[in-house]
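The values are calculated or read from the model by the stated rules, or taken from the named source; none is laboratory data. All figures in this text were calculated on a predicted structure; none of them were measured in a lab. All Cβ positions, even for glycine, are placed from backbone atoms using ideal geometry, and neighbour counts span all protein chains on display.
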Amino acid sequence: MTARIIGTGRAVPAEIITNDDLSRIVETNDEWISSRTGIRQRRIAKEETTAGLAAEAARKALEQSGKAPEEIQLVIVATCSSDYFFPNTACLVAKELGIRHAAGFDLSAACTGFLYAMNTAQAYMAAGMYENALIIGVETISKLVDWKDRSTCVLFGDGAGAAVLEAADTGFIGMVQHSDGEKADVLTCRTREMNNLLVSGDPALDYIKMEGQEVFKFAVKKVPECVEELLEKTGVSKEEIRYYILHQANSRIISSVAKRLKVEEDRFPMNVNLYGNTSAASIPILLDEMNRDGKLQKGDKLLLSGFGAGLTWGAALVEW
Ligand code: UT7
């Protein structure tokens, strides 16, 4: 038994912030941002919350899947920007949508989170534990960004993407996932320091810190490696893959991966220009756009690959 995707959805905040808008708050400009990253604008949450965006994306995915909320057995939310330490976002989504009988938990694997969530859900189904799952990648990462740091604040955006999986004979073909804590320091966002009756730490929250070039080098090396690893493992050739749906961090990373794999770039769809890097939400937002734009045909093989803080990375191969 494996799992197939039977519905997708997405939700993004209403407010659009352009590169020109950012050039008024930090020393940057549209030319630098768009030529180095491909990003032209991003959505930034104002009224929207992590749970609210997640629920909206999930509602659309459920509608498309034809599943009623009370039928859902498992909810996994991938996020690193939840509204609360607890309860988890999965329970808040369940509350909002009327999902009453599901196991629910959040999963933290930064920009690789949605991929880890999908792999986890399908493993539960392969083991016969659940017949369906709602998986969501969501971030209001703008609240973790230091808006005085031009090297990071121009990169990120908020949003959510969701998918409903159902146990089936075909669909999910295989996956690989990895992590390596050796380079944990190159992309971080710490929580509060310890500040209790024994220790007087600084109770201030930290912001995202990134060594951009280190992350760039890691991505362009590890993503092609894990794509090759997955193709080898599943016996599927590069040519059989209709689309390579990669985490949308930077168009130069995606172009470079295409080049290294010797695959035409038009099989690497991109929307980083519209949303920036939405971390765990980027893969499901793009998947939903392609689905709703009618770009995916039954039987298409899609290779999804994510990479990010941890460092974490991985890939999954699914048949549409
Ligand atoms: O989601 C997964 C995690 N994230 C990623 O995948 C991001 C991976 N890394 C990257 O995408 C790229 O490294 C960045 C887009 C973050 C940076 O691009 P880069 O080509 O590596 O630039 P850089 O960090 O080497 O900076 C080049 C110059 C520096 O100035 P000097 O030292 O050459 O005078 C920076 O200070 O660009 C400057 N700079 C900026 N200038 C204008 C850095 N940020 C900005 C900015 N506007 N926003």
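Here is a check on your reading of the model: is Lys301 over 23 Å from Lys221 (Cβ atoms) and surrounded by fewer than 18 Cβ atoms within 10 Å (Cβ to Cβ)?
Yes: the conditions hold for Lys301.
Yes/no per residue for (1) under 23 Å from Thr140 (Cβ atoms); (2) of a type outside the set (Val, Ile, Thr); (3) surrounded by fewer than 16 Cβ atoms within 10 Å (Cβ to Cβ):
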{"site": "Ala45", "(1), (2), (3)": "yes, yes, no"}
{"site": "Gly52", "(1), (2), (3)": "yes, yes, no"}
{"site": "Lys60", "(1), (2), (3)": "yes, yes, no"}
{"site": "Ser82", "(1), (2), (3)": "yes, yes, no"}
{"site": "Phe86", "(1), (2), (3)": "yes, yes, yes"}
{"site": "Lys95", "(1), (2), (3)": "yes, yes, yes"}
{"site": "Ala103", "(1), (2), (3)": "no, yes, yes"}
{"site": "Tyr116", "(1), (2), (3)": "yes, yes, no"}
{"site": "Ala126", "(1), (2), (3)": "no, yes, yes"}
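Just to be sure before I move on: is Ile253 assigned to a strand (DSSP E or B), more than 23 Å from Ser82 (Cα to Cα) and within 16 Å of the ligand (Cβ to nearest atom) in the structure I sent?
When the stated conditions are applied, Ile253 does not pass them.
Only one of Leu144, Leu230, Leu165, Leu155 is under 17 Å from Gln248 (Cβ atoms), touching a residue at least 40 places away in the same chain (Cβ under 8 Å) and surrounded by 15 or more Cβ atoms within 10 Å (Cβ to Cβ). Can you tell me which?
Among Leu144, Leu230, Leu165, Leu155, only Leu155 is under 17 Å from Gln248 (Cβ atoms), touching a residue at least 40 places away in the same chain (Cβ under 8 Å) and surrounded by 15 or more Cβ atoms within 10 Å (Cβ to Cβ).
Of all residues in the stretch 275-311, count the ones that are within 16 Å of the ligand (Cβ to nearest atom) and not aromatic (Phe, Trp, Tyr).
18
Among the candidates Val272, Val236, single out the residue that is of a type in the set (Val, Ile, Thr), modelled with pLDDT of 95 or more and more than 26 Å from Gly212 (Cβ to Cβ).
Only one candidate passes the filter, namely Val236.
Here are some residues: Leu165, Leu187. Which one is within 20 Å of Ala117 (Cα to Cα) and touching a helix residue (DSSP H, G or I) at 6+ places or on another chain (Cβ under 6 Å)?
Leu165
Is there any pair with a first residue in the stretch 266-281 that is at positive phi and a second that is modelled with pLDDT under 95 and assigned to a loop (DSSP other than H, G, I, E, B) whose Cβ atoms are under 6 Å apart and which are 6 or more apart or on different chains, and what are they?
Final answer for the pair search is none.
Please determine, by comparing only the residues of the stretch 199-219 that are more than 9 Å from the ligand (Cβ to nearest atom) and surrounded by 15 or more Cβ atoms within 10 Å (Cβ to Cβ), which one is farthest from Ser151 (Cα to Cα).
Of the residues in the stretch 199-219, the ones more than 9 Å from the ligand (Cβ to nearest atom) are 199-209.
With the extra rule that they be surrounded by 15 or more Cβ atoms within 10 Å (Cβ to Cβ), the set shrinks to 207-209.
On the way: Tyr207: 13, Ile208: 10, Lys209: 9 Å.
Among those residues, the one meeting the criterion is Tyr207.
Mind checking which helices (runs of 4 or more DSSP H) fall wholly inside the stretch 20-112 and carry at least 2 residues that are over 17 Å from the mean Cα position of the chain (by Cα) and within 16 Å of the ligand (Cβ to nearest atom)?
30-37
Take the conditions in contact with a Lys or Arg (Cβ under 8 Å, 6 or more places away or on another chain), assigned to a loop (DSSP other than H, G, I, E, B) and away from the ligand (no atom under 15 Å from the Cβ) and apply them to Ala258. Does it pass?
Taking the combined requirement at face value, the residue does not satisfy it.
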